[in-house]
Amino acid sequence: MDLRDPEKARAVNHHLYHDYESLFWVALWSAIKSEHAPSMEKEIQTAVSEWEPETGGYTYIWGNKIRLLHTAAFVDLPFTPKFDSEPLLWFLFEFRAVFHRAGDAMKDERMNQYRLGKNREDWGPIREAIQYEWIHRDKIQAVVEAWRGRVSA
């Protein structure tokens with residue numbers, strides 16, 4: 001989707017949970033791209049190229065990000081030595097878990113809607129309600145506070 005096109009940009013409703021997701025991707029990008037050994041370059045570039053528009057369209061990028069959030073592929077990412085420490089990786093895994101739990105709730109609700117014979121058009125407001133419920137400031141703050149406790153212990 002080209003957000004420079006006003007017609008397409010209007011189709012995207014921005015919500016606070018989008019900002020939380022952006023923070024997650026910036027933190028993850030930093031954990032992979034910062035201060036890495038030259039020998040890691042190819043592995044890192046392969047991992048992050050799946051998130052770049054030059055590789056594929058936005059649907060392609062979205063699909064790869066969803067795969068990372070909801071599958072074991074996340075643990076195989078090439079974290080740089082600076083970030084490959086227990087407290088930092090714990091933080092990333094717990095931050096990811098917020099989105100993972102929301103995704104599980106959405107899958108469960110989608111199955112309920114399917115069983116009830118609801119149309120796909122009915123799904124949008126339900127999906128947004130689940131994201132509001134599962135991805136919000138208090139959940140992110142709880143992850144940060146738990147991480148602070150681990151680091152200071």
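The values are calculated or read from the model by the stated rules, or taken from the named source; none is laboratory data. As the structure is a prediction and not an experimental result, all values here were calculated from the model. Counting neighbours? That spans all protein chains shown, and the Cβs are built from the backbone with ideal geometry, glycine included. We work out accessible area using only protein heavy atoms, side chains counted, and drop any ligands, DNA or RNA first. Shrake-Rupley method; radii C 1.70, N 1.55, O 1.52, S 1.80 Å.
Tell me the residue from LEU77, LEU68 that is under 30 Å from GLU43 (Cα atoms) and in contact with a Phe, Trp or Tyr (Cβ under 6 Å, 6 or more places away or on another chain), please. Testing whether each residue is under 30 Å from GLU43 (Cα atoms) and in contact with a Phe, Trp or Tyr (Cβ under 6 Å, 6 or more places away or on another chain) leaves just LEU68. Those helices (runs of 4 or more DSSP H) of region 11-73 in which at least 1 residues are touching a helix residue (DSSP H, G or I) at 6+ places or on another chain (Cβ under 9 Å) and open to solvent by 70 Å² or more (accessible area, probe 1.4 Å), considering only elements entirely within it, cover 16-33, 58-70. Across region 79-93, a minimum of one residue is classified as under 13 Å from the mean Cα position of the chain (by Cα) and modelled with pLDDT of 85 or more.
Scan region 74-85 for residues that are part of a helix (DSSP H, G or I), open to solvent by 60 Å² or more (accessible area, probe 1.4 Å) and either closer than 20 Å to GLN131 by Cβ or in contact (Cβ under 8 Å) with a residue 12 or more places away in the chain (or both) and jot them down. Steps first, please.
Step one: list which residues in region 74-85 are part of a helix (DSSP H, G or I), which gives 74-76.
Restricting the remaining residues to those that are open to solvent by 60 Å² or more (accessible area, probe 1.4 Å) gives 75-76.
Of everything in region 74-85, nothing turns out to be part of a helix (DSSP H, G or I), open to solvent by 60 Å² or more (accessible area, probe 1.4 Å) and either closer than 20 Å to GLN131 by Cβ or in contact (Cβ under 8 Å) with a residue 12 or more places away in the chain (or both).
Identify, please: which residue in region 108-127 is of a type in the set (Asp, Glu) and open to solvent by 60 Å² or more (accessible area, probe 1.4 Å) and is, among those, modelled with the highest pLDDT? By that ranking, first place goes to ASP108.
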